[in-house]
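Written out below as structure tokens is the structure these notes cover.
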Amino acid sequence: MSSEFPIGSKVRVVSLPPYLKTAEPMPMLRPPEVIHIGEEGIVLDRRPGGYWGVRFTRGAFLIDSQYIESIENLSEPQSD
């Protein structure tokens with residue numbers, strides 16, 4: 001699993017963190033149930049400490065790279 005994601009790439013949640021932090025100027029803690037495993041989002045930016053700003057359907061959150069994986073390479077069609 002890569003820990004580098006290009007800005008604008010799609011990622012998928014592979015496990016839930018103990019809590020989520022909103023990606024706002026004044027971040028707030030939210031319960032992990034705001035998102036679910038398998039939910040897809042778009043990378044907005046990289047933050048210090050290995051965190052990524054990711055836009056999901058219910059908002060933008062800061063999430064550690066260990067909880068997400070890139071789906072850009074997984075969605076490429078197979079050619080024979």
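The values are calculated or read from the model by the stated rules, or taken from the named source; none is laboratory data. Computed from a predicted structure; not experimentally measured. Heads up, the Cβs are rebuilt from the backbone with ideal geometry, glycines too, and the neighbour counts pull from every protein chain shown. In case anyone asks, the SASA skips ligands and DNA or RNA and just uses the protein heavy atoms, side chains included. Shrake-Rupley method; radii C 1.70, N 1.55, O 1.52, S 1.80 Å.
At-a-glance table
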read-out: All positions within the range 43-53 that are assigned to a loop (DSSP other than H, G, I, E, B) and open to solvent by 70 Å² or more (accessible area, probe 1.4 Å); value: Pro48
read-out: Qualifying residue in the range 5-12 (condition: open to solvent by less than 70 Å² (accessible area, probe 1.4 Å), out of contact with any Asp or Glu (no Cβ under 8 Å at 6 or more places or on another chain) and assigned to a loop (DSSP other than H, G, I, E, B)); value: yes
read-out: Among the residues listed as Ser15, Ser2, the single one being part of a loop (DSSP other than H, G, I, E, B) and at pLDDT below 95; value: Ser2
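Condition check ((1) at pLDDT below 95; (2) closer than 12 Å to Val11 by Cβ; (3) part of a loop (DSSP other than H, G, I, E, B)) across all residues:
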position	(1), (2), (3)
Met26	yes, no, yes
Glu33	yes, no, no
Gly38	no, yes, yes
Gly41	no, yes, no
Arg55	no, yes, no
Phe61	no, yes, no
Asn73	yes, yes, yes
Glu76	yes, no, yes
Ser79	yes, no, yes
